[in-house]
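Right, one structure below, let's go through it.
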Amino acid sequence: MPELSEVEVVRAGLARHVVGRTVTGVEVLDPRPLRRQDGGAQAFVDRITGRTVTAAVRRGKFLWLPLDDGRALSAHLGMSGQLLVRGTTTAAASEPDPEPVSAAAFLTDPSAQHGGRPVDLSATEQPRYVRDISTSPRHLRVRLHLSTYPSADPSAGEGPVPGAGSGDGAVLDLVDQRMLGGLHVVDLVPTADGAPGGMGSPEPLLPADATHIARDLLDPSLERTGPGGVVTRVRASKRAIKTLLLDQGLVSGIGNIYADEGLWEAGVHGLRPGAAIGPRGVARILESTAEVMRRALEAGGTSFDALYVDVEGASGFFARELRAYGRQGQDCRRCGTSMLREVLGGRSHTYCPRCQTRPRRSR
Ligand SMILES: [Zn+2]
């Protein structure tokens, strides 16, 4: 699965290039990515056609586009899914976006059928790998045809780029090599706490099939302390702390990389049961993990290179910043001890045996 920073790059790109546009048509080249749609592919086409995208929202790694009829287009990228916007730029706008945290990459693709340069929403720098798959028709699964913007003066902030949509006939493509991603239209329901559903919209709504997804660690509405807060729930569990960090129903958005990094920063072995960690220790783990996520978000917008993304979503740039994940056999950057790796809950866990003492009685 991609890590949170990649999903945020995609969300920000959709906010810039797709919000405010209306879906004027759908081409289903392969119905399998629509398998989560109630009613099947035809229901997807019926529900999305004519609808205008009003926002791009993310909770953890869960991404959705609210529509003007109260439903939302939910997007799953799986392991290899890409969302590509083509035709949103004119030839005159072909220079790389100068904005420092731009979500968009502009890649030269002479075979693009829709003019301009396709915008790869999941990469920001030389996405050669992305270009390879995006130009291969057999990997294009679903194409949404998009209108130009209704107004020449789109609202400020995260809205569309002024002028970018004039007479373009843009499309949003779902490209997927391994068929694990998908799209579906789903009802929106109120959030239980009345707070915004996620990053990207103030509306207290989220997809009906995402109500089990907890708020993510960077969400200001996440309840950390208190009776129902994350710290309390971690300390009430005998499960391993790393397993708890990866539990999207407890706190979302933490992938394997961030969990290993946060645990290394906090000096806690992943096997330690939640119940065996004090409240301050749990708070420290959450804060160190959140800090890793903030660093990844900063790096993700400017230096993510799809070519060097490994299977868990570590980009080449961010990999150089890693202190734990993928460093087995290398010296701990804090104490010099050789890092170890073991399997924990079906996932790899890399740790320093000196800084992160392994619990004695476990399995
Ligand atoms: Zn160490």
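The numbers here are math on the coordinates, done by the rules we state, and not lab data. As the structure is a prediction and not an experimental result, all values here were calculated from the model. Note that we place each Cβ from the backbone using ideal geometry, even for glycine, and neighbour counts take in every protein chain shown.
Assorted remarks:
- At full extension, residue 38 and residue 80 could sit 12.8 nm farther apart than now, given 0.36 nm per residue minus the alpha carbon distance.
- Along the range 219-231 the Karplus relation, 6.51 cos²θ - 1.76 cosθ + 1.60 evaluated at θ = phi - 60°, assigns HN-Hα couplings of 6, x, 8, 5, 8, 8, 9, x, x, x, x, 4, 4 Hz to successive residues, with x for each Gly and Pro.
- Förster radius 35 Å - calculated FRET efficiency between residue 178 and residue 236, Cβ distance, rounded to 0.05: 0.40
- Virtual spin-label span in nm between residue 294 and residue 49, 7 Å along Cα→Cβ: 4.8 nm
- Approximate spin-label separation residue 27-residue 338, in nm, with each point projected 7 Å along Cα-to-Cβ: 5.5 nm
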